[in-house]
Structures are given as structure tokens and as C-alpha cells.
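The structure under discussion appears below in the form of C-alpha cells.
The values are calculated or read from the model by the stated rules, or taken from the named source; none is laboratory data. Since the structure is predicted, the reported quantities are computational estimates derived from the model, not experimental observations. Cβ placement follows ideal geometry from the backbone for every residue including glycine, while neighbour counts extend to all protein chains displayed. Side chains included, ligands, DNA and RNA excluded: accessible areas come from the protein's heavy atoms. Shrake-Rupley method; radii C 1.70, N 1.55, O 1.52, S 1.80 Å.
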Amino acid sequence: MKNNNIKQIVFALALLGSTALSAQHIVSGCEAVIGSQTFLEPAFEVTATGNFINSGTVYFAGVTTLTNNGGMSEQVENACTADYRNPCDYMPSAGGANFFDNSVGSTTISGVNPLRMYAATIDRNIQLDNEWQILNAFTFTSGVVTTDRTDPSHFLHFRSGSSVVDADADSHVNGYAGWSGTGPFLLPVGNGTKQMPVEVEGDCSSLFKAAYFSGDPGLATLPVGAPFSTASKPAGVTVSQKEYWDINGATATPITLFFDADSDLDLIATDISQVVILGWDGMGWVSLGQSLSIGDLQEGL
């Protein structure tokens, strides 16, 4: 009887361990969701030969790793817009909704190919080790999207027609976000404890990326080119040692930066009219001026 009990216990543990380690949903061919589908497996992978598209509603309820090595809504696109379809002889009339609810603590998104979703809602933390393209609304219920700041190719990419819903101090992109559409767009970047967004304006000819860094740019280790000496500056200008942004694009764009009481602008200015945006030209800081200011030294743009 004692030996039988041991065998039953060992067998039960072995079965549970095997199920947990091997539970995965693998897309190796063409797979489409038209209605509603929930994925409870911890691992969701699109292989190099796989193509996955959602024109219904997908819940990545139990997914803790999402890997795209194939196609998630890949297609030929023009310079600005992107259609939601893939090469599986299936072209939906509308894109689908994707939900990452709070049933698990976090999800890591990775893979060799960027993934594209029409609309996405997160209620958990996302570690983004890939490019994630959004074509419609990206909604923060809760959670932070964290990207590797040492690799700006990993970023949350907002395409033309997309939008951000409910970004705030607790829900934003802790790392890089990008915009490649037409007109002004507020990139919801921050440092993990607060949102410090950047507004850029696109014309479909460029991809603009931005990330926020809290700290002294003169002591920075990121991004590439750091540190950025606060002593290399125009005469009469004091460089803030509290924060800086990395903003990249192939063409010029109007830039709007936001600040709050933690920016300590009252240590370097007596009035908001004195605050200007500086840009690093590879050798030192140059003044980009100021065309408009709103607020005061405690909070504004």
C-alpha cells in the first residue's frame, strides 16, 4: 500500500509537470480567428512557416510568452497605411480585438519578425522584445509595456489610424514607442513610475521613435552616444540634469515635451518663457527654441 501511494503521487507530479512545460499553441500553417477564441496555453508561437490572423476576438488569457517567427497579419503595404490581412487566402473585412487580461502576471513578446494587431487591450505587464505594430486602438486597462532601451528596434509601433487609450503614470511605455502616420501623435513614454510623453508630427514619410530617460544626461549610459555633457552648451543656457528624451526620425518634426514638478525647472529658470528645448548634435547641446508654452514651472508643456 505504501509503495502504491508513492507511485500515484510521483505519477501525478510527473503528469502535472509535463503538461505545464509542454502546453503551447503552435501556428505552423495558416490559422484565422473569425469568431472568438481563448488561448490558455502559456506559450503561443507562430513558426517561420506559420501565418496567424484575427478578425474576431482573441483572448491571450494564459499566454506568458508570445513568439512571432512567421507572420502575424503580414501583407504588402504602402508608405503610410497598413491593411489587416495575411498571405493565407483570407482577407477579413475588419480587424480583430486582442486582449491580454490579468489572468497571468505578465507576457513576453519576442521573435524574429514584427507582429501586427488591429486593436489590443492590456491588463497586465508586457515585456516587449520585438516590434509590435498597432493599427487601431491600444488600450491600457493596467500594466506597463517595457522595452529594451539598449535596442530601439524593440518598440511599440503606432501605425496610421491608431490611437492610445488611458495611458497614465501607471500605464504607459517604459522604453521606446513610435509613430509612422500622418499628423500629430502623443507617444505615451515614461520611466516606469510616471508618464512623460512626447508629441511628434508625421507625414507618412518617416518613422519617429521616442523614449524618456530620468536622470542626468551628462552621466547617461543610454542611448548610443551617451553621455551628453551638460557643460557643452550655448552661453547663458543651463541644461537640466533631471531628465532627457531620445527622439529619432529621418525628417524634421515639431516636438512637444511635457514636464512636472519633479523636472525641477524652477532650479534653472524663473519663468516658463525662459525654458527652451535643446538638441544634441553629436558634439554639444544646441537650442531648438520654443514656439509655445503652456502651464508654469511646476507642470506644463
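Share of antiparallel DSSP beta bridges in the chain, in percent to the nearest 5?
For the chain, the DSSP antiparallel bridge percentage is about 35.
Just to check I understand the Karplus step: with θ = phi - 60° and J = 6.51 cos²θ - 1.76 cosθ + 1.60, what whole-Hz values come out for the stretch 142-151, glycine and proline as x?
Karplus values, whole Hz, x for Gly and Pro: 7, x, 10, 8, 9, 10, 7, 5, 7, 9.
If only Cα atoms are counted, what is the Rg of the stretch 162-246, and what is its Dmax, in Å?
For the stretch 162-246, the Cα-based Rg and Dmax read 14.4, 42 Å.
Calculated FRET efficiency, ALA169 and ILE34, Cβ-Cβ r, R0 41 Å, to nearest 0.05?
Result of the calculation: an efficiency of 0.60.
About the Cα centre, and with charges only on the beta carbon of Lys, Arg (+1) and Asp, Glu (-1), how big is the dipole of the chain? Nearest 20 debye, please. Don't jump to the answer; show the numbers that get you there.
On the way: 11 positive and 30 negative charges, 204 e Å.
Roughly 980 debye, rounded to the nearest 20.
For GLY192, what is the net charge nearby, where nearby means another residue's Cβ is under 12 Å from its Cβ and Lys, Arg count +1, Asp, Glu -1?
So the surrounding residues net to +1.
Just to confirm a number: summing +1 for Lys and Arg and -1 for Asp and Glu over residues other than LEU288 whose beta-carbon lies under 13 angstrom from that of LEU288, what do you get?
Result for the local shell: 0.
Could you give each residue of the stretch 203-210 its phi-based ³J(HN,Hα) in whole Hz, using Karplus coefficients 6.51, -1.76, 1.60 with θ = phi - 60°, and x for Gly or Pro?
Residue by residue, the stretch 203-210 yields 9, 6, 9, 9, 9, 9, 10, 8 Hz.
Any cysteines in the chain with zero other Cys Cβ atoms under 4.7 Å from their Cβ? List them, or say none.
None; all cysteines have another Cys Cβ under 4.7 Å.
At 1.4 Å probe size, with every protein chain present, just tell me what the per residue accessible area of the stretch 98-252 comes to in Å².
Each residue of the stretch 98-252 exposes 38 Å² on average to a 1.4 Å probe.
With Kirkwood's inverse mean 1/r over C-alpha pairs for Rh, give me the Rg to Rh ratio of the stretch 130-204, two decimals please.
0.93
Indicate, rounded to the nearest 5 percent, the antiparallel portion of the DSSP beta bridges found entirely in the stretch 117-268.
If we restrict to bridges inside the stretch 117-268, about 50 percent are antiparallel.
HIS172's amide H: which non-local residues (gap 5+, or another chain) put their own amide H closer than 5 Å, with H modeled 1.01 Å from N in plane and none for Pro or chain starts?
Distant-sequence amide H within range of HIS172: VAL145.
What relative contact order, as a whole-number percentage, does the stretch 234-301 give when Cα pairs under 8 Å and 6 or more residues apart are counted? Numbers along the way, then the final one.
Working: 69 pairs, mean separation 24.8, N = 68.
Once divided by the residue count of the stretch 234-301, the mean separation gives 36 percent.
Does anyone have the angle between helix 2-22 and the longest principal axis of the chain? Alpha-carbon axes, 0 to 90°, nearest 10?
50 degrees
Once both labels are modelled 7 Å past Cα along the beta-carbon direction, what's the CYS204-SER103 spacing in nm?
In this crude label model, CYS204 to SER103 measures out at 4.0 nm.
Give me the distance in nm between label points sitting 7 Å out from Cα along the Cα-to-Cβ direction at GLU77 and ASP216, one decimal.
Roughly 4.2 nm, to one decimal.
For ASN69, what charge total do you get from the other residues with a beta carbon under 13 Å from its beta carbon, if Lys and Arg give +1 and Asp and Glu give -1?
Around ASN69, the charge tally is -3.
If N is the number of residues in the chain, what value comes out of its Cα radius of gyration divided by 2.2 N^0.38 Å?
Output field value: 1.18.
On full extension of the chain, what length is gained from SER229 through ASP271, given 0.36 nm per residue of separation minus the C-alpha to C-alpha distance? Please list the in-between numbers first.
Details: separation 42, 0.36 × 42 = 15.12 nm, distance 2.44 nm.
Between SER229 and ASP271, full extension yields 12.7 nm more.
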